[in-house]
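Before anything else, here's the structure in question.
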C-alpha cells in the first residue's frame, strides 16, 4: 500500500511528513535543505511507494495567497517535472507554524530545543498531513 507525503516548503528548509501504509497515522519524516528536496524525494520514492504529494498552501486570513506562494509555485513546477505521474494536492497551511510551536511547548521541549527550526518545519508538515487525513 502507498503512503501520502506532505511537504512544508520553505525558502531554506523543507519539512516532510508521511503516513503509514494504511494512511491512518501522520508522522514527521525529516527536514531537508530546500535545494536538496527533489533529490531526497526521488530517493525516498524509489524505496517507498507514495501515491500523493501534499504541498502546504500559505494563505492570508482573507484566503488570498500569501507572499511565500510565489516561491512555492516554481517548486511545484519542479516537483511536477520530476514526478510527472504523481498527483499533487494543496492543503491550507495557515497557523501550522504556530500550532507546531505550541506542540513543541506542550511536549515539554526546553526553550533551546524549541529553537530548532528544522524540527518546527517537520512538525508543521505533520500538521498539514494530519489536517488532510482528518478531512478525508
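Compute the distance in nm between two label points, each set 7 Å from the Cα along the Cα-to-Cβ direction, one at residue 46 and one at residue 135.
3.4 nm
Using every pair of alpha-carbon atoms in region 3-134, split the distances into 10 Å bins beginning at 0 and state the percent of pairs per bin, rounded to integers.
Going from the shortest bin to the longest, the percentages are 13, 46, 34, 7, 0.
Given the Cα-Cα distance of residue 78 and residue 66 and 0.36 nm per residue of separation, how much length would full extension add, in nm?
Details: separation 12, 0.36 × 12 = 4.32 nm, distance 2.01 nm.
Length difference between fully extended and current span is 2.3 nm.
So how far apart, in nm, are the two label points at residue 27 and residue 88 if each is 7 Å from Cα heading toward Cβ?
The two pseudo-label positions are separated by 2.7 nm.
So for region 1-55: antiparallel DSSP bridges make up what percent, rounded to the nearest 5?
Details: 11 of 16 bridges.
Here the share of antiparallel DSSP bridges comes out near 70 percent.
Related question: Round to the nearest 0.05 the FRET efficiency obtained for residue 59 and residue 20 when R0 = 25 Å and r is the Cβ-Cβ distance.
0.30
Under 1.5 on a/c is rounded, so check that first for region 4-65, then, if it is not, pick prolate when a/b is larger than b/c and oblate when it is not; a ≥ b ≥ c are the square roots of the alpha carbon gyration tensor eigenvalues.
It comes out oblate by the Cα gyration axes.
Here, each number is a calculation from the coordinates, and none is a lab measurement. The structure presented is a predicted model; accordingly, all values stated were derived computationally and were not measured. We place every Cβ from the backbone using ideal geometry, glycine too, and count neighbours over all the protein chains shown.
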